[in-house]
Ligand code: AHM
Ligand code: MG
């Protein structure tokens with residue numbers, strides 16, 4: 001039974017107490033992210049009413065400049081991050097490069113801006129205008145450089161170096177899910193008190209499921225192994241619970257969240273047009289892979305663990321297969337067989 005009155009902040013502070021060397025800064029940083037996401041949630045909920053969708057640069061009824069939701073989300077997150085003083089750089093899917101941030105408290109004897117944050121401010125952007133769930137994805141790393149504003153090497157770290165990651169889904173309710181390496185925990189925003197309250201502690205993804213999520217419209221562009229795997233999922237076999245159900249929202253956060261709770265495999269493979277798939281390693285694949293592994297699931301690019309991919313660029317793309325462990329393993333088997341057949345030819 002979940003304690004009804006555990007707020008997100010209380011939970012992260014209690015988690016941080018497990019680490020004697022912790023200064024409380026990570027808790028404050030995560031609280032800042034939660035605050036920004038509450039503001040975004042409010043705007044997402046009001047969007048249909050105040051007619052701001054799709055009108056960047058125009059004026060709303062109050063005579064204020066209005067922004068598209070994804071631009072708004074990016075601005076809010078960046079602003080709150082800069083204000084908090086805990087990070088030396090922010091990296092956003094909406095920005096061409098990273099934004100270095102000065103140490104706000106540089107007169108202190110110790111460096112306070114010791115973290116880096118990566119955001120996909122509003123994932124599922126094609127769904128913004130049609131009232132389908134969208135979300136914010138975030139991840140946090142410790143800086144490598146010693147002081148001053150962050151550098152590219154701080155921002156381009158391998159996924160295993162994440163110290164926290166999470167997402168917020170703006171759906172029928174607003175839900176925040178995060179990990180700091182001590183399990184995966186979910187919180188639901190209670191709009192009446194304006195707090196994220198603990199709703200799912202130590203989330204575990206089922207080891208095997210009967211749901212797959214993929215944009216099957218791309219079937220003709222997939223490799224033979226990928227095609228074979230999807231055809232396998234659609235065959236009848238009661239022992240392995242086939243055929244699987246297909247569930248694809250087209251909003252990664254929403255598809256991932258459903259699969260995390262009920263089990264399933266989400267796929268965005270490489271195809272004949274996009275040799276690295278569509279999704280971004282730093283903004284989408286890494287944070288969700290950290291979460292899924294913490295929940296007992298698996299994530300790979302079809303060959304190797306996502307979290308071990310050395311990033312070369314902030315906007316680097318990667319194929320992504322993520323979800324229930326046994327399902328991802330089966331997919332990897334199909335892709336491995338395909339590689340074997342190609343090498344024999
Ligand atoms: P975005 O970051 O521009 O919103 O793009 C990412 C989105 C994901 O949320 C989703 O899984 C995917 O793109 C859907 O792509 P497609 O429309 O090709 O199926
Ligand atoms: Mg995205």
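Values in this text are rule-based calculations from the coordinates and carry no lab data. This is a predicted model, so every value here is computed, not measured. So basically every Cβ, Gly included, is an ideal-geometry build from the backbone, and we count neighbours across all protein chains shown.
Where does each of 247, 46 land when they are ranked from fewest to most other beta-carbon atoms within 10 angstrom? Could you put the intermediate results ahead of the total?
Numbers: 247 16, 46 11.
Listed from fewest to most nearby Cβ atoms, that is 46, 247.
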How far is helix 69-84 tilted off the main Cα axis of the chain, in degrees rounded to 10, range 0 to 90?
50
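With a Förster radius of 45 Å, plug the Cβ-Cβ distance of residue 246 and residue 339 into 1/(1 + (r/R0)^6) and report the FRET value to the nearest 0.05.
On the way: r = 26 Å, r/R0 = 0.57.
E(calc), rounded to 0.05, equals 0.95.
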Could you give the nm distance between label points at residue 182 and residue 83, where each point is 7 Å from its Cα heading toward the beta carbon?
2.7
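What does the extension gain come out to for residue 274 and residue 208, with contour length at 0.36 nm per residue minus their alpha carbon separation? Mind showing how you got there, number by number?
On the way: separation 66, 0.36 × 66 = 23.76 nm, distance 2.88 nm.
Computed gain between residue 274 and residue 208 is 20.9 nm.
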Fewest-first sequence of 251, 223 by Cβ atoms within 10 Å of each Cβ
223, 251
Given labels modelled 7 Å from the Cα in the Cβ direction, how far is it in nm from residue 39 to residue 303?
4.2
How many angstrom lie between the Cα centre of region 194-231 and the Cα centre of region 293-345?
13
Once you've got the GNM for the chain with C-alpha springs shorter than 10 Å, pick whichever of 231, 133, 300 has the biggest mean-square fluctuation.
231
Longest principal axis of the chain (C-alpha) makes with the long axis of helix 325-344 (C-alpha) an angle, in degrees to the nearest 10, of 60
Using all C-alpha to C-alpha distances in region 211-344, build P(r) with 10 Å bins and read off the rounded percent in each one.
12, 46, 35, 6, 0
Burial ordering of 43, 310, 161, fewest other beta-carbon atoms within 10 Å first:
310, 161, 43
Paramagnetic reach from residue 216 in region 244-258 [backbone N under 12 Å; point 7 Å along Cα→Cβ]
244-248
Degrees, to the nearest 10: 224-233 long Cα axis against longest axis of the chain:
90
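Using only Cα atoms, figure out Rg for the chain and give it as a multiple of 2.2 N^0.38 Å.
Numbers: Rg = 20.5 Å, N = 345, 2.2 N^0.38 = 20.3 Å.
Here the answer is 1.01, to two decimals.
Using a Förster radius of 41 Å, what is the FRET efficiency between residue 231 and residue 201 based on their Cβ-Cβ separation? Nearest 0.05, please.
On the way: r = 39 Å, r/R0 = 0.94.
Once rounded, the FRET efficiency stands at 0.60.
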How long are the semi-axes of the equivalent ellipsoid of region 75-198, taking √(5λ) for every eigenvalue λ of the Cα gyration tensor, in whole Å from largest down?
27, 16, 14
Can you tell which of 290, 115, 334 shows the greatest fluctuation in a Gaussian network model of the chain with Cα springs below 10 Å?
334
